[in-house]
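Some notes on the structure that comes next.
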Amino acid sequence: MSSRSGTLGTLWGVGLGPGDPELVTVKAARVIGSADVVAYHSARHGRSIARSIAEPYLRSGQIEEHLVYPVTTETSDHPGGYAGAMEDFYREAAERIAAHLAAGRDVALLAEGDPLFYSSYMHMHTRLTERFDAVIVPGVTSVSAASAAVATPLVQGDQVLTILPGTLPADELQRRISDTDAAVILKLGRSYPAVRKALSASGRLDEAYYVERASTERQRVLPADEVDDASVPYFALAMLAGRQHTTAATGSVAVVGLGPGDVEWMTPQSRHELAAATDLIGYGPYLDRLGVREGQRRHPSDNTDEPARARLACELAEQGHSVAVVSSGDPGVFAMATAVLEEAKQWPSVTVRVIPAMTAAQAVASRVGAPLGHDYAVISLSDRLKPWDVIAARLTAAATADMVLAIYNPASKTRTWQVTAMRDLLLEHRDPGTPVVIGRDVAGPGETVRVVRLADLDQADVDMRCLLIVGSSQTQWYSAGEGGIDRVFTPRYYPHI
């Protein structure tokens with residue numbers, strides 16, 4: 001091997017695979033045998049797993065650099081604690097390797113698995129590559145070895161695989177497990193009780209496998225719930241394969257909230273219900289927000305056909321289909337849950353589940369701060385399903401009670417006067433300077449958010465994509481930061497009268 005620079009040696013980050021020397025790649029074996037220096041890590045006991053894997057490919061006369069970790073747990077008598085001890089170690093180890101590279105010797109730095117996948121090699125890479133050339137030889141990871149050991153496909157089709165360190169807090173592990181199709185959890189050891197707790201809390205412990213020292217003679221494979229916590233080494237993992245042919249309960253309807261627009265605001269439960277459904281029903285633009293899945297049938301309709309959508313959902317469910325009816329925002333807030341439940345009274349064999357989500361009022365409020373920080377009322381201005389007299393009476397009652405108002409459906413192409421009527425009615429009870437938040441298409445591509453005085457609220461600025469939040473007498477409004485960003489909040493306390 002020769003250095004690309006001609007005078008300096010080359011650093012080779014060599015992946016050795018998961019443990020079986022026969023899983024070392026042909027290229028890795030060649031690099032190991034040709035290197036002037038072979039470097040590897042071990043704990044203080046001196047037994048290097050990396051060297052034992054590479055041993056068949058070493059040759060006589062090579063220089064070996066044995067890099068011994070000063071600590072293996074996060075306790076140390078070093079003045080800087082564990083972090084300080086490790087920082088000193090990596091700095092000193094990097095200088096030992098740098099001395100060889102500066103002398104023109106090529107160094108093969110061994111890494112179990114892959115050099116850039118949770119590997120100690122990365123600490124050397126970041127410290128040496130500003131001065132020396134580096135070449136990475138990828139290796140088979142423990143993830144692939146574990147899948148082979150269990151003889152189970154990790155993921156299929158468009159399923160998502162998530163790799164997690166077991167050192168995360170249990171509640172964070174649970175959240176991430178719940179939000180994925182398949183997962184591999186590494187770095188077990190003393191973390192295993194928390195990993196088991198997270199798998200159990202997410203309802204998937206009975207699906208998970210425990211794999212220890214994959215591909216080696218000491219390999220063990222067990223159901224994850226049958227493992228003795230005290231016997232788990234660091235080089236073990238938990239594997240949760242993607243479910244095959246996952247389906248929701250047949251003969252059922254799930255009314256699923258999509259949130260206000262941004263897919264990142266959709267809950268894991270909503271995503272799982274949508275992925276498991278055989279049929280998706282909803283307003284066409286809402287269905288367009290969802291990815292196409294093979295085998296799913298879509299039933300788009302106009303936004304005014306709620307009873308027809310509910311009837312179709314129940315018909316399909318009675319035929320044994322797994323149906324998801326989608327709603328923007330939360331399905332129980334001026335949305336499809338009510339229509340489906342009303343229709344389902346006539347279909348006793350059909351089970352209906354409502355899957356909640358973030359609603360538009362929460363999304364709009366978040367953009368300006370906390371206008372809903374105290375008591376508030378949620379009112380729809382649409383008089384398509386209830387008379388204006390009822391709407392006006394409820395607006396008056398909420399205004400008299402000095403409640404913040406979240407106003408849904410303020411206008412449409414055919415309803416062009418309600419916002420002005422509402423403004424005039426509220427001005428009988430509210431100061432003209434009361435802040436009104438106008439949120440349009442929040443979390444969507446056309447998002448705009450403005451704050452205006454109640455007296456200046458203009459019907460022309462409001463359309464069917466808007467939601468309004470009208471402050472109470474206690475709601476405060478100020479500008480902050482560069483550019484004078486509007487901040488609106490309603491204190492949680494209320495003055496004594």
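A few points about this structure:
- When residues of region 41-60 are limited to those that are in contact (Cβ under 8 Å) with a residue 12 or more places away in the chain and over 19 Å from Ser215 (Cα atoms), the one surrounded by the fewest Cβ atoms within 10 Å (Cβ to Cβ): Gly46
- Scanning region 417-430 for residues that are charged (D, E, K, R) and surrounded by 14 or more Cβ atoms within 10 Å (Cβ to Cβ) gives Arg423, Arg430.
- Inter-residue pairs, beta-carbon under 9 Å, first in contact (Cβ under 8 Å) with a residue 60 or more places away in the chain and more than 23 Å from Arg492 (Cβ to Cβ) and in region 404-433, second part of a loop (DSSP other than H, G, I, E, B) and open to solvent by less than 40 Å² (accessible area, probe 1.4 Å), 6+ apart: Tyr408/Thr359; Tyr408/Leu381; Tyr408/Ser382; Asn409/Leu381; Asn409/Ser382; Asn409/Arg415
- Leading residue by the ranking (surrounded by the fewest Cβ atoms within 10 Å (Cβ to Cβ)) among those in region 391-416 that are touching a strand residue (DSSP E or B) at 6+ places or on another chain (Cβ under 8 Å) and β-branched (Val, Ile, Thr): Ile391
- In region 446-468, the residues that are assigned to a helix (DSSP H, G or I) form Cβ pairs under 6 Å with partners that are surrounded by 14 or more Cβ atoms within 10 Å (Cβ to Cβ), at six or more places apart or across chains, as follows: Leu454/Arg430; Leu454/Thr434; Leu454/Val436; Gln459/Val419; Gln459/Thr420.
- Within region 127-170, tally of residues that are more than 27 Å from Leu23 (Cα to Cα) and either outside the structural domain of Arg190 (by the TED database) or of a type in the set (D, E, K, R) (or both): 7
- Only one of the listed residues (Gly484, Gly444) is within 39 Å of the chain's Cα centre (by Cα), open to solvent by less than 70 Å² (accessible area, probe 1.4 Å) and within 29 Å of Val263 (Cβ to Cβ). That residue is Gly444.
- Restricting region 73-107 to residues that are under 37 Å from the mean Cα position of the chain (by Cα) and of a type in the set (A, V, I, L, M), the residue that is most open to solvent (accessible area, probe 1.4 Å): Ala83
The values are calculated or read from the model by the stated rules, or taken from the named source; none is laboratory data. This one's a predicted model, so the numbers in the text were calculated from it and none came from an experiment. A quick note on method: Cβ atoms are made from the backbone with ideal geometry, for glycine too, and the neighbour counts reach across all protein chains shown. All accessible areas refer to the heavy atoms of the entire protein, side chains included, with ligands and DNA or RNA removed. Shrake-Rupley method; radii C 1.70, N 1.55, O 1.52, S 1.80 Å.
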